[in-house]
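For reference, the structure discussed in these notes is given below.
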Amino acid sequence: MNRIGDVRTPWHLWVIGVVSLLWNAVGAASYTMTELGMLEGLGFPPEQLAYFYGFPAWAVAFWALGVWGCLFGSLALLIRSKWAVWLFGISIVGLLGTTYYQRAVAAMPDSMQTTGQDVFAAVIWIITIGLFFYASRMKRAGVLR
């Protein structure tokens, strides 16, 4: 097993790192496709396209912090860098701003206001916070340098 100094790298770091990287790559792809205006061919109704493309710059910036913070946090986990904690923390800030915009500022189209959407939002929060605490734990254990 790989070692950092006197501390063994636990097997679960590799599992969580790879699975979170794949999960966060989907979010990064969604962000990139939206920002490049590539959603039209994916079957979204016009009101949903208008919603996605209508994010103000500050909301897009928070979304970017959330998406890229998590993606790079997962990469940092895999290279066993202490920066994973900071990157997942940044992603939580991004998620806070994005959630504020989606829930308090912008009216989400009726076609998007479903129980499934709320469950998915909760899953994103749970995973993001979980990754932050996992990275913090690995840093305290000396696994992340």
Cβ-derived FRET efficiency at R0 22 Å, K82 paired with E35, nearest 0.05: 0.15
Sorted peptide list for 101-107, 8-14, 76-82, 62-68, criterion being average Cβ within 10 angstrom, highest first: 62-68, 76-82, 8-14, 101-107
Computed label-point distance, nm, for sites H12 and A50 using a 7 Å Cα→Cβ extension: 4.8 nm
Principal-axis tilt of helix 11-35 within the chain, Cα atoms, nearest 10 degrees: 30 degrees
P(r) tail fraction, the range 1-85 - alpha-carbon pairs more than 16 Å apart, %: 61 percent
Karplus 3J(HN,Hα) series, Hz, for the range 89-96 with 6.51 cos²θ - 1.76 cosθ + 1.60 (x for Gly, Pro): x, 4, 5, 5, 4, x, 5, 4
Extension gain from W58 to A28, taking 0.36 nm per residue of separation minus the Cα-Cα distance: 9.0 nm
Distant alpha-carbon pairs in the range 66-130 (separation over 15 angstrom), percent: 56 percent
Pairwise FRET efficiency - R145 versus V119, Cβ, R0 = 25 Å, nearest 0.05: 0.10
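None of the figures in this text is laboratory data; all of them are computed from the coordinates on show. Predicted model, so just to flag it, every value in this text is computed and none were measured. Cβ coordinates were reconstructed from backbone atoms using ideal geometry, including for glycine residues, and neighbour counts include every protein chain displayed.
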